[in-house]
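Remarks on the structure that follows.
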Amino acid sequence: GLGFNIVGGTDQQYVSNDSSIYVSRIKKDGAAYLDGRLQEGDKIVAINGRDLKDLRHMDAVELFRNAGYDVSLKIQRRLQPQNGPVGHRGDGDSGGLPLAAVLVPGLALAAAAVWILLRYRQRM
């Protein structure tokens, strides 16, 4: 997976009167954690150019599960940590490289390091 959990949707509002999708948890050592740009509480506006507005929670989950190899997220960052986002700044465009452009090479290096370590231990 992408290394984070989401909450929200038209059927499971995380913020009162707001059916948006939010990052509820970043999984330690997961892809999003290693990338470092996504934060808990971020509102995810779109994935791979697909707007997440007015989706049920499970429909949003399916979009993330089927996101493919190159994943691009458009987010809005909350202003301060609280129980649910209270405000956002900017236009939500994270800019820079797509998330996968950083995650995939980093994960490949980590996998190679583990493989080398395991082969080294087998020889001992």
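Nothing in this text is a laboratory measurement; each read-out follows from the coordinates by a stated rule. Bear in mind the structure is a predicted one, so any value in this text is a computation, not a measurement. In this analysis, Cβ positions are derived from the backbone assuming ideal geometry, glycine residues included, and neighbour counts consider all displayed protein chains.
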Original post:
Can you list the lysines whose alpha carbon is less than 21 Å from that of Lys27, not counting same-chain residues fewer than 8 positions off?
Top reply: Lys43, Lys74
Subject >> Computed E for Gln12/Tyr69 - FRET, C-beta separation, R0 41 angstrom, nearest 0.05 >> reply: 0.90
**OP:** Mind checking which of Gln13, Ile26, Phe64 is farthest towards the positive end of the stretch 4-76's charge dipole, using Cβ charges of +1 (Lys, Arg) and -1 (Asp, Glu) about the Cα centre?
**Re:** Ile26
Original post:
Where in the stretch 12-26 does the label zone of Val61 land, with the point 7 angstrom along Cα→C-beta and an amide N cut-off under 16 Å?
Top reply: 12-14, 21-25
